[in-house]
Amino acid sequence: MSESLPLRLVLASASPARRKSLQAAGIEPDVLVSGVDESLVVTDRAEDLCLELARLKAQAVLTRLSPGDSGVDQRTLVIGCDSVLAFDGEILGKPADPADATRRWLRMRGRSGVLHSGHCLVDMVAGRRAEAVASTTVHFADISDDEIAAYVATGEPLAVAGAFTIDGLGGPFVERIEGDPGTVVGLSMPLLRRLLAELDLSITDLWTTVAPGGQSVEPLGNVRS
């Protein structure tokens, strides 16, 4: 028998940028870090790697949630994401150390790569899954040695796939992108909307906070299970 339940979204990631993207779109996720060992997946295709890791992260969090974890009055969705940079025939995740980050930037400056972000969305109640990869071409600025050294010294490149951000200190070092900026941040909101639609849900069902301009948005998460 179907019943109407408000939605709860669990983000299987410790990424502040992913959480901020959701919050900016009026979605307040719960956060549960997956703890997946990313070295367990080996493949020479960046798209396959990020999607498999997204699956593993979502599944790891699912196993830690019981069907009744969210209570009888909520329907739980879990979103797992993973990002990698495909550059010059290599797959680049987070740099191993500052020297690795420096070497990458010396190679990347003035050139381009493709940032792939895998998304795996699971509906616990319905037992269904929707997944896809979003890809965006990134054109890096031809930055100086001093700029590279200063950027690496901040520590930011060590915490992110590809050793750069577009929504942080690394933003000025990216000339332009071709695709959805959210892909580079780590979570594509247009893709999330499409994945929700595959599960017969609407992204507006997840609106729970405040909309741009500060006006209140009532929780709209009443959906059929």
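The values are calculated or read from the model by the stated rules, or taken from the named source; none is laboratory data. A quick note: this is a predicted structure, and the numbers were derived from the prediction, not measured. Cβ sites come from the backbone with ideal geometry, for glycine too, and all protein chains shown count toward neighbours. Accessible surface is based on the protein model in full, side chains and every heavy atom, while ligands, DNA and RNA are left aside. Shrake-Rupley method; radii C 1.70, N 1.55, O 1.52, S 1.80 Å.
Remarks
- With respect to the chain, whose longest principal axis is taken over its alpha-carbon atoms, helix 98-108 is tilted by about 80°.
- Heavy-atom accessible surface of the chain: percent carbon and sulfur, 1.4 Å: 51 percent
- Residue of Ala86, Ala141, Ala54 that the Gaussian network model of the chain assigns the largest fluctuation, springs spanning Cα pairs under 10 Å: Ala141
- Positive minus negative residues near Glu38 (Lys, Arg vs Asp, Glu; Cβ under 12 Å): -1
- Accessible surface, per residue, of the chain when the full set of protein chains is kept, probe 1.4 Å, Å²: 48 Å²
- Selected from Gly127, Gly170, Gly179 as most flexible by GNM, with the chain as the system and alpha-carbon contacts under 10 Å: Gly127
- For the chain, built as a Gaussian network whose Cα springs stay under 10 Å, the top-fluctuating residue of Thr43, Thr183, Thr165: Thr43
- Computed from backbone phi, the HN-Hα couplings of region 197-205 come to 4, 4, 9, 6, 10, 10, 5, 5, 5 Hz, rounded to whole numbers (Karplus: 6.51 cos²θ - 1.76 cosθ + 1.60, θ = phi - 60°; Gly and Pro given as x).
- Karplus-derived HN-Hα couplings along region 27-34 (A = 6.51, B = -1.76, C = 1.60, θ = phi - 60°), whole Hz, x at Gly and Pro: 10, 9, x, 7, 10, 9, 6, 6
- Sparsely packed trypsin sites (Lys or Arg not before Pro) within region 100-133, loop by DSSP, other Cβ within 10 Å at most 14: Arg111
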